[in-house]
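The block underneath contains the structure these notes are about, expressed in structure tokens.
No lab work stands behind these numbers, since they all come straight from the coordinates. Because the structure is a prediction, the values reported are computed rather than measured. Neighbour counts run over all protein chains shown; Cβ positions are idealised from the backbone, glycine included.
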Amino acid sequence: MKPTCLMTAIIGLALATLLMPAATAQSGGHHTTSTVHFNEDERHHISVFAGGTDIAGESETAVTLGIDYEYRINRLLGLGFIAERAFGDIDSTTLFVVTDIHLWRGLVTQLGAGAEISHGETYFAARIGALYEFEVSDGFTFAPQLHYDFSEEDSLVFGISIGRAF
């Protein structure tokens with residue numbers, strides 16, 4: 001059986017998330033990448049997202065682009081919003097208000113509610129997901145992520161975001 005594009009993406013994201021901490025630990029005394037830590041002077045974080053959306057139970061997968069903003073309240077919680085656009089046959093835009101729960105180092109779970117706009121119709125949408133955020137340098141970050149969106153057509157959203165804390 002051939003692996004699907006979706007399975008390849010999930011395996012790739014899982015491996016990147018699991019192997020990156022080991023790779024940074026192996027680099028010795030000079031770290032170029034680290035997990036993100038709470039900094040009271042940099043509570044804002046904005047990022048751009050690139051990935052894919054796969055409709056549950058269907059063979060449709062679309063390129064997805066987005067932007068998100070988070071305000072870190074404290075070490076554990078952040079509040080923010082997300083806007084994503086899935087192109088092609090899926091042709092939908094999702095808008096979420098989210099709570100980010102920073103569990104450990106760069107590991108974050110995300111819960112949200114909002115709306116999906118698809119083919120001229122608007123539907124309630126909810127999101128549950130996870131990401132692992134790495135700080136590259138000077139507040140710049142990248143984060144592999146995986147989310148499940150509940151809506152008129154449930155979907156799996158996967159990809160990587162690149163951002164900046166300020």
Original post:
How do D149, D89 rank when sorted from fewest to most other Cβ atoms within 10 Å of their own Cβ?
Top reply: D89, D149
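By how many nm would the segment from L111 to V136 grow when fully extended, if each residue of separation counts as 0.36 nm and the alpha-carbon distance is taken off?
That pair, L111 and V136, stretches by 6.5 nm at full extension.
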